[in-house]
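These notes are about the structure you will find just below.
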Amino acid sequence: MVEVAGLGKTVDNGGAPLTILQDISFTVMPGETVAIVGASGSGKSTLLGLLAGLDVPTAGEIRLDGVSLAALDEDARAVQRGKLLGFVFQSFQLLPALTALENVMLPLELAGRKDAATLARDWLERVGLGHRLKHYPKHLSGGEQQRVALARAFSPAPRLVLADEPTGNLDAATGQQVIELMFDLNAKQGTTLVLVTHDEAIAARCGRVLRIQAGRLVD
């Protein structure tokens, strides 16, 4: 599902190059759950952005489901994301002008699903928010917002879900509930999951852990 070979990312830092990632190589098989862990600033979120095609590397190659991202322009990468990926962000990334139902409907409508409203309603029921369909994000708690984000990520039936610190903005108890729900949805859907986290307990729930230190994978 994911093939990464010799990946590197360097940015300009006031005229001097700053290396964020260097010589990263790994694979993720379909249905696997993989945690990427590392200290703040180690490059793990940058790596997730590269996997999503939201940014481009300065070295190496990424292949998703056999397709090289380097062979795609920005528009084609967006199409690939829409077909293949679901996202769960630390800061939820819900659109404030849309209700919970409309936020979940959005990727379904972009995918051309005629049953977007019904499917979104069903998914909000699955995450325990059937009574919050018409509420806007500002009227939802952090845990509720992240459950809407989970419904949005999983409703299009993606083959790969990328999650970036999904409990980072939640208290411990709420975070635990969200993680349980995410792993339950992932198992039932048979999705491949790549999860960035600083929480070792969450990482231990995954089938495999990749550790990044100063931009490099370490044993």
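The values are calculated or read from the model by the stated rules, or taken from the named source; none is laboratory data. Here the structure is a predicted model, which means the values were calculated and not measured. Neighbour counts are summed over all protein chains in view; Cβ atoms, including those assigned to glycine, are modelled from backbone coordinates with ideal geometry. Quick note on the areas: whole protein, heavy atoms, side chains included, nothing else; ligands and nucleic acids left out. Shrake-Rupley method; radii C 1.70, N 1.55, O 1.52, S 1.80 Å.
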The one condition in (1) in contact with a Lys or Arg (Cβ under 9 Å, 6 or more places away or on another chain); (2) closer than 30 Å to residue 133 by Cα; (3) not small (Gly, Ala, Ser) that residue 90 fails to fulfil: (1)
What are the residue pairs meeting all of these: first residue in the range 102-127, first residue over 12 Å from residue 151 (Cβ atoms) and modelled with pLDDT under 95, second residue open to solvent by 40 Å² or more (accessible area, probe 1.4 Å) and not charged (D, E, K, R), Cβ atoms under 7 Å, and 6 or more apart or on different chains? 110/82; 111/82; 111/156
Only one of these conditions is not met by residue 16: (1) open to solvent by less than 60 Å² (accessible area, probe 1.4 Å); (2) in contact with a strand residue (DSSP E or B) (Cβ under 9 Å, 6 or more places away or on another chain). Which number is it? (2)
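If you take the residues of the range 128-167 that are without any contact (Cβ under 8 Å) to a residue 12 or more places away in the chain and open to solvent by 30 Å² or more (accessible area, probe 1.4 Å), which of them is nearest to residue 91 (Cα to Cα)?
Among them, the one singled out is 139.
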Any residue in the range 33-59 that's without any contact (Cβ under 8 Å) to a residue 40 or more places away in the chain and closer than 15 Å to residue 7 by Cα: show its pairings with residues that are surrounded by fewer than 20 Cβ atoms within 10 Å (Cβ to Cβ) and of a type in the set (S, T, N, Q) at Cβ separation under 7 Å, as long as the two are six or more apart or on different chains. 53/80
Just checking, how many residues over the range 50-67 are at negative phi and open to solvent by less than 20 Å² (accessible area, probe 1.4 Å)? 5
Any idea which of 155, 68, 91 is small (Gly, Ala, Ser) and within 13 Å of the chain's Cα centre (by Cα)? 91
State the number of residues belonging to the range 43-67 that are of a type outside the set (D, E, K, R) and part of a loop (DSSP other than H, G, I, E, B). 8
From 70, 39, 35, grab the single residue that is assigned to a loop (DSSP other than H, G, I, E, B) and of a type in the set (Gly, Ala, Ser). 39
Yes/no for residue 170 being over 15 Å from the mean Cα position of the chain (by Cα), surrounded by 20 or more Cβ atoms within 10 Å (Cβ to Cβ), not β-branched (Val, Ile, Thr) and not in a loop (DSSP other than H, G, I, E, B): no
